[in-house]
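Below is one structure; the comments refer to it alone.
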Amino acid sequence: MRWTIEDTPERAAFREQVRGWLRENLPAGWADAIESGDADKLDQARKSWDFFGWSRTIGMSGYGAPLWPKEYGGLSGEPWMQNITREELARYRLPTVGLNILGVGLAGPTLIAHGNEEQKKRYLQKILTSEEVWCQLFSEPGSGSDLASAGARATRSNGEYIINGQKVWTSIAQMSHFGMLLARTDPDVPKHDGLSYFIVDMKSPGVDIRPLKQITGSSEFNEVYFNDVRIPAENLVGVEGDGWRVARTTLMNERVALSGLSLDSAAFAGGTRKDPWALFVDSIPNREDGRVRQFIAKSYVEKEVKEITQFRANMARMSGAQPGPEGGVTKVYNAEFNKWRSNGIMNANGPAAVAWDHGDSDSENRAHAFLRARANSIEGGTSEILRTQMGERILGLPREPEVDKGIPWKEIKRS
Ligand SMILES: Cc1cc2nc3c(=O)[nH]c(=O)nc-3n(C[C@H](O)[C@H](O)[C@H](O)COP(=O)(O)OP(=O)(O)OC[C@H]3O[C@@H](n4cnc5c(N)ncnc54)[C@H](O)[C@@H]3O)c2cc1C
């Protein structure tokens, strides 16, 4: 990363400690390849890469979540430790987000903030090692942007909750062990007050997971139906009726988790000799065309602005508090930038962007990236909704009118 501040002696010592750990734990030859800039050697070392094994190794080390308390697998560290760890992972061309992206990024911080001791002991370490993968069961067919209107019901009965209803857009539900579920426990109070937050075992009888085919051809997300699913009462996170407050912790962390993703994956994909920007330029054909040159120049400017914005957000987070609405700034920027850039890449490729020989994986990946980028301004909250939130909570603009304020949920109009 170019946007860095000079390390204090304490930070430099921590950076050295992370590097030492990486040298000891990476596959043979990997660290040497990075340090000597030998791309062939890195390719060789990557052949023995085992992502599952790596997820477990980093999950056991504390470096997978430096901010988490030591007793649950973290380092009880400060925000600058997380930044340094991420910088070093990117430097060694490693993904900064492991297999269990929603578990580590969303469920873990939520359980740390609102879970009880038993829940933290039971779930956190296995989230970090990716032994138990998590999904997020929030959105419903009629409740996406207006999530607080969610209608999946949780009814208490003899020490259990019985869940009925439908969720949608549930990423990786088909491979998850547990889900973070937002459900309505009281329909007689205003929408924000009648929600509760649960941990649900995705293998419970009555959980019906149906993958949805996306425009990309893959099935990243699912519909999930709950038919009389029984959840033990100890799986309630926080107190009954306070689920909206718990869910907001998940949502704020989601925005932060989604705002840096493409940078991280670019760093992982990059070889040793070239930085991700040089790789990007090399991948653009027809560079003699003035319009393509303009696209490359504008991409550079936008990339710089994005990195500086990301850097400023990281610096702000150094102060340590839970992420707030400012996480939306980088999330929106990232989403819009990624969409704009993938569009420009398709234009630069001309007809080759839409038709290619069988087995041409570069062209296939390019089309996939273009189609997948459409989702960036929807997932984790749409750009429109986040702009409204930033206007209200950061700029102090007047709030949007709330037509259902104070009205019991069961009486409000829902789609
Ligand atoms: C790839 C992907 C993965 C996802 N993964 C998950 C997941 O794992 N778990 C999960 O729970 N959800 C997930 N989602 C769902 C996502 O959070 C919702 O799609 C999103 O919040 C929008 O909700 P919606 O689709 O119901 O759209 P709607 O809320 O129906 O919105 C439709 C359009 O209207 C606009 N709109 C709505 N209200 C307003 C308003 N007040 N002001 C201005 N414009 C407005 C929106 O911006 C949008 O353009 C995922 C979505 C995608 C695309």
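The values are calculated or read from the model by the stated rules, or taken from the named source; none is laboratory data. Treat the numbers as computed from the prediction; the structure is a model and nothing was measured. Just so you know, the surface numbers come from the protein's heavy atoms only, side chains and all, with ligands and any DNA or RNA stripped out. Shrake-Rupley method; radii C 1.70, N 1.55, O 1.52, S 1.80 Å.
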TODO: For segment 134-242, just say rounded, prolate or oblate: build the C-alpha gyration tensor, square-root its eigenvalues into a ≥ b ≥ c, call rounded for a/c under 1.5, and beyond that prolate if a/b exceeds b/c, oblate if not.
DONE: oblate
Open item on the list: Among Gly290, Gly115, Gly391, which one shows the highest mean-square fluctuation when the chain is modelled as a Gaussian network with alpha-carbon springs under 10 Å?
Closed with: Gly290
- [ ] Could you work out how far helix 383-393 tilts from the main Cα principal axis of the chain, as a 0 to 90 degree angle to the nearest 10?
- [x] 70
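Tally the DSSP beta bridges in the chain and give the antiparallel ones as a percent, rounded to 5. Working shown, then result.
Numbers: 30 of 35 bridges.
Bridges in the chain that DSSP calls antiparallel: roughly 85 percent.
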TODO: Work out, step by step, the length gained on full extension between Lys70 and Asn164: first 0.36 nm times the residue separation, then minus their alpha carbon distance; give nm to one decimal.
DONE: 30.1 nm
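Which entries in the list Lys298/Lys331; Lys339/Lys405; Lys303/Lys405 go over 29 Å, if you measure between the two C-alpha atoms of each? Please list the in-between numbers first.
Values: Lys298/Lys331 20 Å; Lys339/Lys405 35 Å; Lys303/Lys405 41 Å.
Going by Cα-Cα distance, Lys339/Lys405; Lys303/Lys405 fall outside the 29 Å limit.
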Task: Highest-fluctuation residue, Gly20, Gly243, Gly74 considered, GNM on the chain with Cα pairs under 10 Å - done: Gly20
- [ ] Report Rg (one decimal) and Dmax (nearest whole number) for segment 40-147, counting Cα atoms only, units Å.
- [x] 15.7, 52
- [ ] Report the residue, chosen from Asn158, Asn343, Asn25, that carries the largest GNM mean-square fluctuation when the chain is represented by alpha-carbon nodes joined by springs under 10 Å.
- [x] Asn158
Open item on the list: Per residue, how much accessible surface does segment 134-242 expose to a 1.4 Å probe? Answer in Å², no decimals.
Closed with: 40
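Could you compute how fast the chain diffuses translationally, taking Rh as the Kirkwood radius over C-alpha pairs and applying Stokes-Einstein at 4 °C with viscosity 1.567 mPa s? Give it in µm² per second.
Using the Kirkwood radius from Cα pairs, D works out to 56 µm²/s.
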Task: Per residue, the convex hull volume that the Cα atoms of segment 9-99 enclose (Å³) - done: 88
